[in-house]
Amino acid sequence: MKIAIVCYPTFGGSGVVATELGIALAERGHEIHFITYKQPVRLELLGNNIHFHEVHVPEYPLFHYQPYELALSSKLVDTVRLYDIELLHVHYAIPHAYAGYMAKKMLQEEGIFIPMITTLHGTDITLVGKHPFYKPAVNFSINMSDVVTSVSEALKQSTLEIFDIKKEIEVVPNFIDISKYSQEYTDCQRSLMANDDERIITHISNFRKVKRIPDVIKVFYKVQKEIPAKLIMVGEGPEKEYAEQLCDELKIKEKVLFLGNSTEIDRILCFSDLFLLPSESESFGLAALEAMINKVAVVSSNVGGIPEVNKEGISGFLTEVGDVEGMASKALKILGDDAELEKFKENAFKTATKFDIVHILPLYEEIYEKAYKSR
Ligand code: GMT
């Protein structure tokens, strides 16, 4: 099929999922057109059946806010016409489902009927989407989608609680491509990061409030008092400065490495022992899954879709949000003993294999076919 994928091009989980999905669909012979304001970070190869179309928003001084939705829907209309696109798949409802619906309506006027699949990712529902200033438009565009999918059962339930949804929501979990992990990195450079006797704890996120970054630092503070350890913080965002300040105050600066955004997180995860994800809310926790496939155990909060990914006592542990003491003690339980750590690492990998793309891609293909036939 010829599919247009609309997503955020940034390091956020929804953009990563959309990009990896597009790449995998292209490998299966579909023609994929990414439509967004910048080339997606994980999209390296463009080719015969993988294209990128930039949405450009011209600046005009009259506008206090430049109308991105307008530019996006116009770009969608042009691209559909030019490449005979058969289907739109928009990731993250805001404002993509809204712009996608407008494009669909414009195209309908000229006799082109194009189905739109909307994938809900998390904060588009639980944080941003439910704000009263956005809610009516988000509710409307979800209901106007031909198919709605959610990345976890928990997110589906939240969507049904928060909005007045008339459509069936199909749960299609996020995924990872296990074939990429069949050979371990031969150049996994652990020694650059830590001494042999030190455990490596990692956190990867966009450093927003919802990730509870201070909890990561506080948990690590407690752990490093008991065992030799290093903390690797990957990502950029509003909470980063405070996190660095907190490390300074707690006098653990030399044990914490802030690496910024990275396109090579597997190279960092390959030498990590434990992943910390203490989020306030999390629809799925893709970063935890990526850690698990790299044989990294996970200590996380027990919210949203995380329990669908991180399995209590198997791939790691789950505690209440904000339970720093509990997280530190679970972390020590995993890290304190070599055999225990090895067991959790192996089980984290096994648990992650259930989310192999080979199981998930056909679900999307089935949805696409059904939506196309019933257009
Ligand atoms: O993690 C973020 O805050 C970014 C956000 C996004 O949309 O890019 O992530 C959401 O979507 C990811 C991919 O489906 C999920 O794995 C994350 O759990 C979800 N984030 C939240 O719900 C906070």
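Things to note:
- If you go through region 338-353 and keep only what is of a type in the set (Asp, Glu) and either within 26 Å of the chain's Cα centre (by Cα) or closer than 17 Å to TYR181 by Cβ (or both), you end up with just GLU346.
- Single match in VAL151, VAL210, VAL171, VAL216 (criterion: aliphatic (A, V, I, L, M), more than 30 Å from GLU244 (Cα to Cα) and touching a residue at least 24 places away in the same chain (Cβ under 8 Å)): VAL151
- Any hit, region 220-228, residues being within 16 Å of ASN294 (Cα to Cα) and crowded, with 17+ Cβ neighbours inside 10 Å: no
- Failed condition for LYS330, given (1) buried (at least 22 other Cβ atoms within 10 Å of the Cβ); (2) free of Cβ contacts under 8 Å to residues at least 60 places away in the same chain; (3) under 23 Å from the mean Cα position of the chain (by Cα): (3)
- Residue identified as away from the ligand (no atom under 16 Å from the Cβ) and more than 24 Å from the chain's Cα centre (by Cα) among PRO228, PRO214: PRO228
- Qualifying strands (runs of 3 or more DSSP E) (wholly inside region 86-152; at least 1 residues being touching a Pro at 6+ places or on another chain (Cβ under 9 Å)): 87-91, 147-150
- Contact map, region 118-134: residues that are more than 10 Å from the ligand (Cβ to nearest atom) paired with residues that are in a loop (DSSP other than H, G, I, E, B), Cβ distance under 9 Å, separation 6+ or inter-chain. Pairs shown: THR118/TYR92; THR118/MET144; THR118/SER145; THR118/ASP146; GLY129/PHE163; LYS130/PHE163; TYR134/VAL128.
- You will find that of PRO61, PRO67, the residue that is surrounded by fewer than 16 Cβ atoms within 10 Å (Cβ to Cβ) and either among the acidic types (Asp, Glu) or under 22 Å from PRO9 (Cα atoms) (or both) is PRO67 and no other.
- Qualifying position, being away from the ligand (no atom under 16 Å from the Cβ), over 30 Å from LEU277 (Cα atoms) and modelled with pLDDT of 95 or more, among TYR60, TYR101: TYR101
- Within region 1-39, if we keep just the residues that are farther than 21 Å from GLU264 by Cβ and in a loop (DSSP other than H, G, I, E, B), the residue that is nearest to the ligand (Cβ to nearest atom) turns out to be TYR37.
- Flag for VAL6 being within 17 Å of the chain's Cα centre (by Cα) and farther than 17 Å from ASN174 by Cβ: yes
- One residue stands out among those in region 254-299 that are aromatic (Phe, Trp, Tyr) and either part of a helix (DSSP H, G or I) or under 18 Å from the mean Cα position of the chain (by Cα) (or both): the one that is farthest from the ligand (Cβ to nearest atom), which is PHE275.
- Residue within region 161-175 that is assigned to a helix (DSSP H, G or I), modelled with pLDDT of 95 or more, assigned by TED's automatic domain parsing to the domain that holds HIS96 and farther than 30 Å from CYS270 by Cβ present: yes
Let's see how each residue does on (1) within 25 Å of GLN157 (Cβ to Cβ); (2) surrounded by fewer than 17 Cβ atoms within 10 Å (Cβ to Cβ); (3) in contact with a Cys (Cβ under 6 Å, 6 or more places away or on another chain):
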| position | (1), (2), (3) |
| --- | --- |
| TYR83 | no, yes, no |
| TYR92 | yes, no, no |
| MET116 | yes, no, no |
| PRO132 | yes, yes, no |
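The values are calculated or read from the model by the stated rules, or taken from the named source; none is laboratory data. Since the model is a prediction, treat every value here as computed from it, not as a measurement. Note that each Cβ is placed from the backbone with ideal geometry, even for glycine, and that neighbours are counted across all protein chains shown.
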